[in-house]
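Following this message is one structure expressed as structure tokens.
The values are calculated or read from the model by the stated rules, or taken from the named source; none is laboratory data. Just so you know, these numbers come straight off a predicted model, no measurement behind them. FYI the Cβ positions are ideal-geometry reconstructions off the backbone, even for glycines, and counts take in every protein chain you see. Just so you know, the surface numbers come from the protein's heavy atoms only, side chains and all, with ligands and any DNA or RNA stripped out. Shrake-Rupley method; radii C 1.70, N 1.55, O 1.52, S 1.80 Å.
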Amino acid sequence: MIKVLIKGELDSSLLMGMLSNCDLKIESAPELTAVTEVSGDSGYGAVVASHLSESDASALSLFLKRCGEPPLILVGKGPEPDYGNTLHLDDGVGADELVDACRSMALAAPGASAAAGFDSRGLIGESEGIRRVLKVANKVATTDSTVLITGESGTGKELIARAIHRNSPRRNAPLVVINCGAIPGELLESELFGHEKGAFTGAHRARPGRFELADGGTIFLDEIGDMSPDLQVKLLRAIQEKCFERVGATRSIHVDIRIISATNKDLALAVEQKAFREDLYYRLNVIPVIMPPLRERRSDIPLLAEHFMDKLARRTGMEKKSFSPEAMDTMTAYDWPGNVRELENLVERFSVLVDGNIVDVEDLPDHFTAELSDGGAPQDAALFCDVRHGVNFQESVEQHQKSLILQALNESNWVKAKAAELLSMKRTTLVEKIKKMKIEEGSTSSAV
């Protein structure tokens with residue numbers, strides 16, 4: 001993340017409102033005399049100054065030299081510090097242009113850190129899991145290596161794909177996204193490679209495919225594990241030779257593209273089961289990126305909830321709500337089977353349906369707080385009991401089983417066959433457990 005120091009009137013009028021939409025960490029310095037004591041590398045990627053007085057210009061020049069000589073962006077007219085690495089912008093500069101200038105100046109500075117310049121917008125979190133993902137993404141972004149992103153649904157696989165493209169040399173070319181699982185198999189080949197007029201019934205004109213549209217840029221193949229075996233062969237050739245034929249054509253088309261793919265399936269297991277080609281798997285899995293589920297990065301839940309609440313407040317103009325400590329503790333203990341997407345959707349429900357400015361435990365869906373333990377912790381926290389003081393093993397296991405069943409029933413709108421499928425068990429087994437545990441439908445109704 002690029003750290004930027006702001007001196008002058010721009011901090012509130014232009015940049016502060018952009019913080020959530022860019023990769024800049026803003027610090028304000030209304031009085032330069034307070035920062036001139038800094039010595040050594042301050043870590044600033046850029047310094048923005050406007051409406052300087054003579055004394056400010058002199059102090060700023062001294063400050064820049066003391067803190068590692070970061071680039072200076074000077075907005076408007078007025079006294080100028082004695083400093084070489086300076087970009088001049090007009091008084092009427094827009095916020096977007098100013099943010100772009102900060103980023104480009106920081107990246108162009110001698111000795112600029114690649115990690116500091118990685119644009120990770122949208123990827124919120126400070127946990128070890130997300131740091132590990134960003135470290136790999138930062139390294140692979142500048143290459144043309146093929147990337148395979150794996151992880152459960154809702155973990156943000158497309159976000160990391162977009163970040164890799166956005167930080168790559170192909171950033172000014174298209175990023176073309178196609179969900180291989182959302183398009184019927186008989187139509188997917190045409191979507192990927194295009195078709196000629198008359199190639200099949202309904203092909204009234206020639207049409208380019210996604211590979212052609214991505215020429216010079218990146219193609220993101222989401223849910224790659226759902227692709228049919230026949231099409232896997234054609235995809236392998238297209239990746240290896242960077243050429244293909246439209247459906248119904250004989251002429252090959254050559255493209256210069258980078259391949260990023262993603263799946264929520266275990267492709268290694270699919271290879272063992274002969275459901276996915278081994279040669280394609282190894283061709284796609286050059287650089288693996290594993291997105292951790294939200295339950296493995298619980299420390300990021302408060303940051304994500306705050307981010308989504310801020311985002312909604314800006315989008316809708318509604319007053320921002322905050323979370324009570326009890327509500328946040330309960331949310332942090334919850335397992336989040338839908339991952340970050342589930343959290344974002346829940347925050348939107350809060351913003352619309354919760355009265356007042358505080359989201360409390362009572363506002364959470366019932367399955368978050370079902371079967372509270374004697375200590376007042378949510379059932380979903382059963383796996384995280386402090387065993388140093390002893391626990392009832394059988395009771396804890398049963399509580400966790402009940403929690404999983406409640407989540408599956410709620411997710412499937414109490415269609416038991418679907419819930420059993422989600423839990424990978426027989427429907428009859430699920431029905432027996434529901435009866436034994438005395439689980440009733442009313443216990444999973446949403447409170448919001």
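Two decimals is fine: what's Rg over Rh for the range 234-334, C-alpha atoms, Kirkwood radius as Rh?
1.21
To continue, here is another question. Using 0.36 nm times the number of residues separating Trp414 and Glu80, minus their current alpha carbon distance, what extension gain do you get?
Computed gain between Trp414 and Glu80 is 113.3 nm.
Sorted by accessible area with a 1.4 angstrom probe, largest first, how do Lys438, Lys416, Lys135 fall?
Greatest to least solvent exposure: Lys438, Lys135, Lys416.
A follow-up question, please. Taking every pair of alpha-carbon atoms in the range 288-369, what share in percent sits in each 10 Å bin, from 0 to the bin with the longest distance?
Percent of Cα pairs in each bin: 18, 54, 24, 4, 0.
Another question about this same structure. For the pair Glu296 and Glu348, what calculated FRET efficiency results from E = 1/(1 + (r/R0)^6), where r is the Cβ-Cβ distance and R0 = 30 Å, to the nearest 0.05?
Once the sixth-power term is evaluated, E becomes 0.80.
Here is a further query. Just to make sure I understand: if all protein chains stay in place, what is the order of Arg205, Arg427 by accessible area at 1.4 Å, largest first?
My answer, sorted largest first, is Arg205, Arg427.
With a 1.4 Å probe and all protein chains left in place, how much of the accessible area of the range 223-310 comes from carbon and sulfur atoms, in whole percent?
50
Something else now. Taking every alpha carbon pair in the range 209-274, what does the distance histogram look like in 10 angstrom bins from 0, in percent?
19, 51, 25, 6
Within the P(r) computed for the range 165-266, what percentage of the Cα pairs occupies the region above 16 Å?
It works out to 57 percent of all Cα pairs.
Kindly sort Leu364, Leu159 by accessible area of their heavy atoms, largest first, with the probe set to 1.4 Å.
Sorted descending by solvent-accessible area, the residues read Leu159, Leu364.
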